[in-house]
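Have a look at the structure below, then the notes.
The values are calculated or read from the model by the stated rules, or taken from the named source; none is laboratory data. Remember, predicted model here, so these are calculated numbers, not experimental data. Cβ coordinates were reconstructed from backbone atoms using ideal geometry, including for glycine residues, and neighbour counts include every protein chain displayed.
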Ligand SMILES: Cc1cc2nc3c(=O)[nH]c(=O)nc-3n(C[C@H](O)[C@H](O)[C@H](O)COP(=O)(O)OP(=O)(O)OC[C@H]3O[C@@H](n4cnc5c(N)ncnc54)[C@H](O)[C@@H]3O)c2cc1C
């Protein structure tokens, strides 16, 4: 089949890789000049355990609702959130308490596991360094904090990824750079946890897909999908599809199917087809700094569940990520959140990173999030249209599994996972 993919983030490049591998003629349309320039640019990098990535699933924790504003807030309502943001937040909080929440968590955990295995296989076949670091440690200032994670830990144990509880001394043996003066009651250790560089992997996937014949049309913006009988606008022609694609470049493209991997833009692209999806940008930050001292820097990844912060090793750099803002806040960086991140970095790993170096990179990105925390991996609302977006806080951890499942659906193969929790019909 001739397949058009919209978007070359981690999800779009993984999808191009799988579809080109299946022998399809793939063309990727991307508005930026390179792959992974938006949400996939500087994610925290955590691959596993995907369920423990902060904000990866809706929270049934009612304390969160009371902590929306203020300097130490976790999810924050910012300027521009409006009533849409409030309504979305209410759905997100409610989703964590729904009867089917447990089933959804299990589906997300299974998608994460399948994705991890596919990512590792691809990385090994490529033989490239993707700045991968093994092991994930969940830091517990108080042992009572385990309670907050209990539903997630139960699902992980059920899926065969149980975490080992260790005392503070053992935690410091696993991560020798951990500060000795920060109170630490213990930790949970996932020895099969992993982090790696999402942007680097997206670029490698792009290259590998190109080698299999996929074409990437950069600086090409798809303006919308509209219903039409014939489907020819701006040279993009869809054979027999009841909708058309309008792109900014007049390339002579013909396709039998379109896959939307446009991340946050997925909802807007579908609106002309009469679909209104509750997809929200949940903004967060990452700060990346060069390693200062090998011994004091993190070796793998750590998660601070209380502040929903992650610190991961990315080659010769350390990346700290956190914050969750609803609303655009005029595009301005939130000073309080950045301060918390810098403090957490120097607090947990003193002397580990050169946090005041000119090479420090501060990034604000938007997690494309649906209120139940699960992505859309599904046939779309029109024949020949497929969806693979809305991966929220764990798009890197789910990209390769999602792409493989979507390629199965397009080929008429039965995916290894039950795809019901990821279907469009749930909205
Ligand atoms: C602070 C932070 C930390 C994170 N940490 C993690 C983590 O540790 N682990 C994890 O798994 N995930 C993490 N994430 C989430 C992860 O980054 C996203 O889920 C993932 O990058 C989404 O990938 P995507 O390909 O769907 O979207 P994107 O990377 O945004 O890709 C979409 C692409 O579509 C293109 N596009 C959009 N509209 C059009 C159009 N009209 N025409 C042409 N092209 C278009 C865009 O330019 C873009 O390149 C984090 C996110 C943030 C913000």
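Tabulated results
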item	result
Those strands (runs of 3 or more DSSP E) lying entirely in the stretch 238-308 with at least 3 residues within 30 Å of residue 223 (Cβ to Cβ) and in contact with a strand residue (DSSP E or B) (Cβ under 8 Å, 6 or more places away or on another chain)	243-247, 253-255, 257-260, 280-290
Any hit, the stretch 357-371, residues being more than 16 Å from the ligand (Cβ to nearest atom), touching a helix residue (DSSP H, G or I) at 6+ places or on another chain (Cβ under 7 Å) and part of a strand (DSSP E or B)	no
Residue in the stretch 190-202 that is farthest from residue 9 (Cα to Cα), counting only those that are within 14 Å of the ligand (Cβ to nearest atom) and assigned to a strand (DSSP E or B)	190
Count - residues of the stretch 62-83 that are outside any helix (DSSP H, G or I) and modelled with pLDDT of 60 or more	8
Those residues of the stretch 147-161 which are within 24 Å of the chain's Cα centre (by Cα) and over 12 Å from residue 109 (Cβ atoms), in sequence order	148, 149, 150
Top-ranked residue of the stretch 25-49 - restricted to ones that are surrounded by fewer than 24 Cβ atoms within 10 Å (Cβ to Cβ) and under 21 Å from residue 245 (Cβ atoms), ranked as nearest to the chain's Cα centre (by Cα)	38
Filter result (away from the ligand (no atom under 14 Å from the Cβ), modelled with pLDDT under 90 and in a loop (DSSP other than H, G, I, E, B)) within the stretch 203-236	228, 229, 230, 231, 235
Enumeration of residues in the stretch 140-189 that are part of a helix (DSSP H, G or I), under 17 Å from residue 49 (Cα atoms) and free of Cβ contacts under 8 Å to residues at least 12 places away in the same chain	150, 154, 157
Residues that are more than 27 Å from residue 94 (Cβ to Cβ) and not in a helix (DSSP H, G or I), drawn from the stretch 380-417	382, 383, 384, 385, 386, 412, 413, 414, 415, 416
Residue within the stretch 177-187 that is under 25 Å from the mean Cα position of the chain (by Cα) and under 17 Å from residue 300 (Cβ atoms) present	yes
Matching entry among 328, 307 (being within 30 Å of residue 177 (Cα to Cα) and either surrounded by fewer than 22 Cβ atoms within 10 Å (Cβ to Cβ) or touching a helix residue (DSSP H, G or I) at 6+ places or on another chain (Cβ under 9 Å) (or both))	307
Per-region count, the stretch 310-325, residues surrounded by fewer than 17 Cβ atoms within 10 Å (Cβ to Cβ) and touching a strand residue (DSSP E or B) at 6+ places or on another chain (Cβ under 6 Å)	1
